[in-house]
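Notes to accompany the following structure.
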Amino acid sequence: MKPLQTRAAARETAPPTPLISFRRIDLSYGDRRILEDINLDIGEGEFVSVVGPSGCGKTTLLRLIAGLARPTAGDVILDGQPVAAPSRKVAVVFQDYSKALLPWRTAAGNIALALSAMGVPKAEWPDRISALLATVGLAGDGDKLPRQMSGGMQQRLQIARCLAQEPRVLLMDEPFGALDAMTRQSLQDEVLRIASTRSVTVFFVTHELEEAIYLGDRVVGLYANPGRVAQCFDVGLAKPRDQLSTREDPHFLSLRHELFSFIKQA
Ligand SMILES: Nc1ncnc2c1ncn2[C@@H]1O[C@H](COP(=O)(O)OP(=O)(O)O)[C@@H](O)[C@H]1O
Ligand SMILES: [Mg+2]
C-alpha cells in the first residue's frame, strides 16, 4: 500500500505529464460536502481504476472530468486547460447501454450519429463504421437494431460509438455491471486492447475489486462522507494481462488482499 505522496518516488521512471489533474477539488450540494480536497494526477495513456463505497463520489469525479459537474472549489485540468464544459476529447461509457443507444437506429446508424457530430464527411462513414464495428468485435452486425443484440453486444456498440469520437479520455462508469461473468471478462480484455492500441487514457469506475486490479495501472481507493482519496495502489502487473495467469499471479492476490482490507475499513 503506497500513499499518494510516495507514488512518484516508487516509480522507476518519472511519471508522464498528467493529462488530467484534480487540483484541490471540493464539491458540495447544498450543505452536504460530497468531495473534499481531491488531488490526483492521471498520466496520458494511464488506466486508472476507481473504487470506494457506494455514494463516495466516484460518479461525481467522472462527471467533473466530463464537464457535466462543476467543483465548488479547485480545478480539474484536462490537457492543460480547466474543464468548463463537455469536450469531444472525452467520451463517457455508461452502465446503462439501453439508454445510451437510440433504439430505432441500427448499430451502424448509432455510430453514424457520432461521426456526423464530429463532422466526418459522409463518404467516409461506411469504412469508418466497418472499422469501428470490427474493433469491438461486431463485424457484420451493423444492420442489427439494439434490441436484436445481447447486452454485451450493446455495450460493445456503445464503446464503438465513443471511439468514433476519437477521444483522448474514456470515462467508464461501472460499464460491465449488468453483464454476466463471461461477457464481462471478454469486454475487459477488449477494453484493455483498445486502450493500449489507441493509447487512450481511461478512468474506470467499478465496485468489482478484482476488475479494478485486472484492468488498472493504478487503483485509486476513496473514502466516503465526504469523498476523499484514501489510497493509491500501483498495480505493476505484466501486460498484456491474461484472465487466467494474471488473476493467479501472487502479486495480483496480494493486491486483492490489500484492496479488500482497504474497502472493509473505508
Ligand atoms: N446532483 C446531485 N444533487 C445532490 N446530491 C447529489 C447529486 N449527485 C450526486 N449526489 C450525491 O453525492 C453523493 C455521491 O454520489 P455519486 O458520485 O453518484 O457516488 P458513487 O458513484 O460513488 O456511488 C451521493 O450521496 C449522492 O446522493
Ligand atoms: Mg456511481
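The values are calculated or read from the model by the stated rules, or taken from the named source; none is laboratory data. All values reported here derive from a predicted model rather than from experimental measurement. Note: ideal-geometry Cβ built from the backbone for every residue, glycine included; neighbour counts use all protein chains shown.
Quick one: in segment 47-68, of everything that is assigned to a loop (DSSP other than H, G, I, E, B) and buried (at least 20 other Cβ atoms within 10 Å of the Cβ), which residue is farthest from the chain's Cα centre (by Cα)? Walk me through it before giving the result.
Here is the first cut: in segment 47-68, the ones assigned to a loop (DSSP other than H, G, I, E, B) are 52-57, 67-68.
Keeping just the survivors that are buried (at least 20 other Cβ atoms within 10 Å of the Cβ) gives 52, 56-57.
Details: 52: 15, 56: 17, 57: 15 Å.
Out of the qualifying residues, it is 56.
Would you confirm whether any residue within segment 74-82 is within 16 Å of ligand 1 (Cβ to nearest atom), assigned by TED's automatic domain parsing to the domain that holds residue 223 and either among the hydroxyl-bearing types (Ser, Thr, Tyr) or assigned to a loop (DSSP other than H, G, I, E, B) (or both)?
Scanning segment 74-82 turns up no residue that is within 16 Å of ligand 1 (Cβ to nearest atom), assigned by TED's automatic domain parsing to the domain that holds residue 223 and either among the hydroxyl-bearing types (Ser, Thr, Tyr) or assigned to a loop (DSSP other than H, G, I, E, B) (or both).
In segment 131-154, which residues are over 15 Å from residue 166 (Cα atoms) and either acidic (Asp, Glu) or touching a Gly at 6+ places or on another chain (Cβ under 7 Å) (or both)?
First, the residues of segment 131-154 that are over 15 Å from residue 166 (Cα atoms): 134, 137-154.
Correct list: 141, 143.
Does at least one position in segment 189-207 carry a residue that is assigned by TED's automatic domain parsing to the domain that holds residue 61, surrounded by fewer than 20 Cβ atoms within 10 Å (Cβ to Cβ) and within 16 Å of ligand 1 (Cβ to nearest atom)?
Yes, because at least one residue in segment 189-207 is assigned by TED's automatic domain parsing to the domain that holds residue 61, surrounded by fewer than 20 Cβ atoms within 10 Å (Cβ to Cβ) and within 16 Å of ligand 1 (Cβ to nearest atom).
Contact list please: Cβ distance under 8 Å, first residue in segment 202-213 and more than 11 Å from residue 191 (Cβ to Cβ), second residue assigned to a helix (DSSP H, G or I) and hydroxyl-bearing (Ser, Thr, Tyr), pairs at least six apart or on different chains.
These pairs meet every condition: 205/59.
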